[in-house]
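No lab work stands behind these numbers, since they all come straight from the coordinates. Owing to the predicted nature of the structure, the values given are computational and were not obtained by experimental measurement.
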Amino acid sequence: MPLLRSIRALGLYRVAVVWKDGRKSEVDLAPQILRYAVYRPLRENPDAFARAKIVAGGVAVAWPGAGVDISADAIAALGRSQTMTPEEFRARLKRLGLSFDAAAATFAISRRQIAYYSAGAKPVPRHVVLALSGFEAELGGAI
């Protein structure tokens, strides 16, 4: 089970996280906060988001005064869905049978960007991670 050591608000719904094992990550909590009604207090009062506090020994984050929390597991899952290493990116392209040119055309981005993501020169943005996942799901059992 992932446990949190520290958390800091970076902007609207983005946080910098340090896990108990020392790993660091940035996670966009917007998919969770914007999807579920329970997080309405954070949507209605953006300043409340900056008051995030770790609770229960690192198993969750709570927002005092807002009456809401999110588990470390949920934060970790969101982080996994938003990041992809260059190795994972190359493996996913290969599994999908996409050359750099085909990936660029499929996702309407430049071949140069695909090369940057593949080499690790730039992080793979969340929208590209999601686009790859959607493309793979659309192909279903064809791969």
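What is the distance in Å between the Cα centroid of the stretch 38-93 and that of the stretch 8-37? If we compute the Cα centre of each part, the gap is 4 Å.
Taking Val38, Val124, Val27 in turn, the Gaussian network model of the chain (Cα-Cα springs below 10 Å) assigns the largest fluctuation to Val38. Which shape class applies to the stretch 86-142: rounded if a/c is under 1.5, otherwise prolate when a/b exceeds b/c and oblate if not, where a ≥ b ≥ c are the square roots of the Cα gyration tensor eigenvalues? The shape class here is prolate. In the stretch 86-142, Cα pairs under 8 Å separated by at least six residues give a relative contact order of 36 percent.
Evaluated at q = 0.10 Å⁻¹, the base-10 log of the normalised Debye intensity for the chain, with identical point scatterers placed on the Cα atoms, takes the values -0.42. The stretch between Val68 and Ala105, if pulled fully straight at 0.36 nm per residue, gains 9.1 nm over its current Cα-Cα span. For Lys122, a cut-off of 30 angstrom between C-alpha atoms picks up these lysines, skipping any fewer than 8 places away in its own chain: Lys20, Lys24, Lys94.
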